[in-house]
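Take a look at the structure set out below.
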Amino acid sequence: MKAATAPKLIVRPARKSDGKSFISLIVALADYEKLAPPTLAARKRLLKDAFGKRPKFKSLLALIDGVPVGYAIYFYTYSSFLARPTLFLEDVFVLPDYRKRKAGAALFHACVAEAKKKGCGRMEWMVLDWNKLAIGFYDKLGGKQLSDWLPYRLTSDQFDGTIRTTSLSIARKTTR
């Protein structure tokens, strides 16, 4: 009788040929978060921004026995006070059926290793306040919840109004 072999877990950079799997994982995250999935136009932009000539972000895939089960998206910002880059982890997601198999930890640790390799002063991410599973995961890994920073956001449909308001305010000040 043969002994059962442990599932093989691999984390590697996502490739253009992974596009279909990459998008399906993003759609699964949207479903998990009860959000609308990316539109067809957004999916095309995601693939271009991930795998085009000038990628806008980096992406990793977690595979168990060759099956894509999770992904991470990250990019770099910059800390003026540390005078070092910051790795910002935009998404880390593992399909619910594959959780508790270390794929999430492997993706997270790959990002930490990348931050260290690139000389980052820190790594940052956000988590939804209702996602107790993720909060526990990050706490266990040593992440610290910031209490003195509040997230802010402008959506693209607000840009024009904000620019108009800001431009009028600046124009009034400079003409006085």
> Can Ala110 be described as surrounded by 11 or more Cβ atoms within 10 Å (Cβ to Cβ) and either modelled with pLDDT of 95 or more or out of contact with any helix residue (DSSP H, G or I) (no Cβ under 8 Å at 6 or more places or on another chain) (or both)?
Replying inline: yes
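Would a scan of region 26-35 turn up a residue that is among the acidic types (Asp, Glu) and either more than 23 Å from Arg12 (Cβ to Cβ) or in contact with a Leu (Cβ under 6 Å, 6 or more places away or on another chain) (or both)? It would help to see each step written out before you state the result.
First, the residues of region 26-35 that are among the acidic types (Asp, Glu): 31, 33.
Now drop any that are not either more than 23 Å from Arg12 (Cβ to Cβ) or in contact with a Leu (Cβ under 6 Å, 6 or more places away or on another chain) (or both), which leaves 31, 33.
Looking through region 26-35, at least one residue is among the acidic types (Asp, Glu) and either more than 23 Å from Arg12 (Cβ to Cβ) or in contact with a Leu (Cβ under 6 Å, 6 or more places away or on another chain) (or both).
I'd like the full set of residues that are among the acidic types (Asp, Glu) and assigned to a loop (DSSP other than H, G, I, E, B), limited to region 136-168.
Filtering region 136-168 down to residues among the acidic types (Asp, Glu) leaves 139, 148, 157, 160.
Correct list: Asp148 only.
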> touching a helix residue (DSSP H, G or I) at 6+ places or on another chain (Cβ under 7 Å) and in a loop (DSSP other than H, G, I, E, B) - does that describe any residue in region 94-104?
Replying inline: yes
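Go through the residues of region 11-23 one by one and say whether even a single one is touching a Ser or Thr at 6+ places or on another chain (Cβ under 6 Å) and aliphatic (A, V, I, L, M).
To start, the set of residues in region 11-23 that are touching a Ser or Thr at 6+ places or on another chain (Cβ under 6 Å) comprises 14.
Okay, now just the ones that are also aliphatic (A, V, I, L, M), so 14.
Yes, there is a match, as at least one residue in region 11-23 is touching a Ser or Thr at 6+ places or on another chain (Cβ under 6 Å) and aliphatic (A, V, I, L, M).
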> With respect to Thr162, is the statement that it is touching a Leu at 6+ places or on another chain (Cβ under 9 Å) and at pLDDT below 95 true?
Replying inline: yes
> Looking at Thr77, Thr86, which one is of a type in the set (Val, Ile, Thr), modelled with pLDDT of 95 or more, surrounded by fewer than 16 Cβ atoms within 10 Å (Cβ to Cβ) and closer than 26 Å to Leu150 by Cα?
Replying inline: Thr77
> Quick one: how many residues across region 83-130 are more than 11 Å from the chain's Cα centre (by Cα) and of a type in the set (Val, Ile, Thr)?
Replying inline: 3
> Picking from Leu82, Leu89, Leu29, Leu61, which residue would you name as being over 20 Å from Phe137 (Cβ atoms) and either part of a helix (DSSP H, G or I) or not hydroxyl-bearing (Ser, Thr, Tyr) (or both)?
Replying inline: Leu82
> touching a strand residue (DSSP E or B) at 6+ places or on another chain (Cβ under 9 Å), surrounded by fewer than 19 Cβ atoms within 10 Å (Cβ to Cβ), among the charged types (D, E, K, R) and more than 20 Å from Ile135 (Cα to Cα), is that true of Arg45?
Replying inline: no
>> Restricting to region 1-42, name every residue that is crowded, with 16+ Cβ neighbours inside 10 Å and charged (D, E, K, R).
In response: Asp18
>> Condition first: aliphatic (A, V, I, L, M) and under 8 Å from the mean Cα position of the chain (by Cα). Now tell me which residues in region 70-82 satisfy that.
In response: Ala72, Ile73
>> Exactly one condition in (1) out of contact with any Lys or Arg (no Cβ under 9 Å at 6 or more places or on another chain); (2) part of a strand (DSSP E or B) is false for Ala6; which is it?
In response: (2)
> For region 32-58, what are the residues that are free of Cβ contacts under 8 Å to residues at least 40 places away in the same chain and part of a strand (DSSP E or B)?
Replying inline: none
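The values are calculated or read from the model by the stated rules, or taken from the named source; none is laboratory data. Keep in mind it's a predicted model, so treat the numbers as computed, not measured. Glycine also receives a Cβ, built like all others from the backbone with ideal geometry; neighbour counts cover every protein chain displayed.
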